[in-house]
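The values are calculated or read from the model by the stated rules, or taken from the named source; none is laboratory data. The structure displayed is predicted, hence computed values, not measured ones. Cβ placement follows ideal geometry from the backbone for every residue including glycine, while neighbour counts extend to all protein chains displayed.
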Amino acid sequence: MKKTLLLGLAIATTIYASAQTPTTDPAKSQNEVVTADKVEWGWLNPLRGDRSPAAGKLWGDRTKNEPAGFLVKFKKGFSSPPHIHNITYRGVVIKGLLHNDDENAAKQWLPAGSYWQQPAGEAHITAADGEENMAFLDIQEGPYLVQPTSEAFDNGERPINVDKTNLVWLNAKDIEWVTEKSNVETAFLWGSHNENQLRATLLKLPAGFSGSIKNLSPNFRAVVISGGLMHQFSKKDAKNELQPGSYFGAEENATSIISTDKETVIYIRSNGNFEVKK
């Protein structure tokens, strides 16, 4: 039953990515941690200065042709002019309310915990309406550019906006790689569960969780979306407190020791499997 369910989800989520966007990442991740208070910030569009959203690096370099993960902060009332991007990106709201759609569309304010996909070449606007607004963006290639709508094109992908209330969560008994006693839940976002293919998952850890996540793939990256956790790679290491916006990567076969005081959601991007144990 579990294998059938996972196969169906893999097929369904594969439609979220077309051949236009890379489905693999040859880079090997390392054991590393970036806490939210250590994120290096700059401007998403340096030419616009403080009229631009702020951008904070988690991994990779969004200005080069490589995969990257970064945070974006928007001021309340921000609304971009219509524009396109040269590449597809995926985003998860961490704080506030964000809208990302055609300029003529009614506002669909996505709260924290929501997910969206913006295809390359698709004209849209981005707006923010919370007192504090922050999102995590994931790109599989670069550089990340803002371009005029006169250069719009159709890459075969379609925009996706999923309010947090519409996410489909599976509990531990439905997932092969999560021990049932862990009470962990999972929502699949995009990608394929075929070998070496990229995929992204939201992992919901209950309050009081004490266990581990073992990476079984060459590339594993995780971002805290809500809640918070304590993290270490071994019991000999100092513990890092990871608040929303924090990131940790893991090399193949590395184990992250994790504990939570409150319910915590993590975005995990990998090109292979991982195991969650309590």
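Details
- Every residue from region 1-51 that is modelled with pLDDT under 85 and not in a helix (DSSP H, G or I): Met1, Ile15, Tyr16, Ala17, Ser18, Ala19, Gln20, Asn45
- The set of residues from region 157-168 being in a loop (DSSP other than H, G, I, E, B) and surrounded by 12 or more Cβ atoms within 10 Å (Cβ to Cβ) comprises Glu157, Arg158, Pro159, Asp163, Leu167.
- 1 or more residues among the aromatic types (Phe, Trp, Tyr) and under 16 Å from the mean Cα position of the chain (by Cα): qualifying strands (runs of 3 or more DSSP E) within region 75-146: 89-95, 115-118, 133-139
- Candidate set from region 226-278 (those that are part of a strand (DSSP E or B) and hydroxyl-bearing (Ser, Thr, Tyr)); member that is nearest to the chain's Cα centre (by Cα): Tyr267
- Residue check for Val276: of a type in the set (A, V, I, L, M, F, W, C), at pLDDT below 95 and within 22 Å of Lys28 (Cβ to Cβ): yes
- Residues of region 225-244 satisfying the condition of being surrounded by 22 or more Cβ atoms within 10 Å (Cβ to Cβ) and either under 21 Å from Gln140 (Cβ atoms) or at pLDDT below 95 (or both): Ile225
- Scan of region 159-169 for residues that are over 20 Å from Ser80 (Cβ atoms), of a type outside the set (Asp, Glu) and touching a residue at least 40 places away in the same chain (Cβ under 8 Å), ordered by number: Val162, Lys164, Leu167
- Scanning region 212-224 for residues that are surrounded by 21 or more Cβ atoms within 10 Å (Cβ to Cβ), part of a strand (DSSP E or B) and of a type outside the set (Phe, Trp, Tyr) gives Ile213, Asn215, Arg221, Ala222, Val223, Val224.
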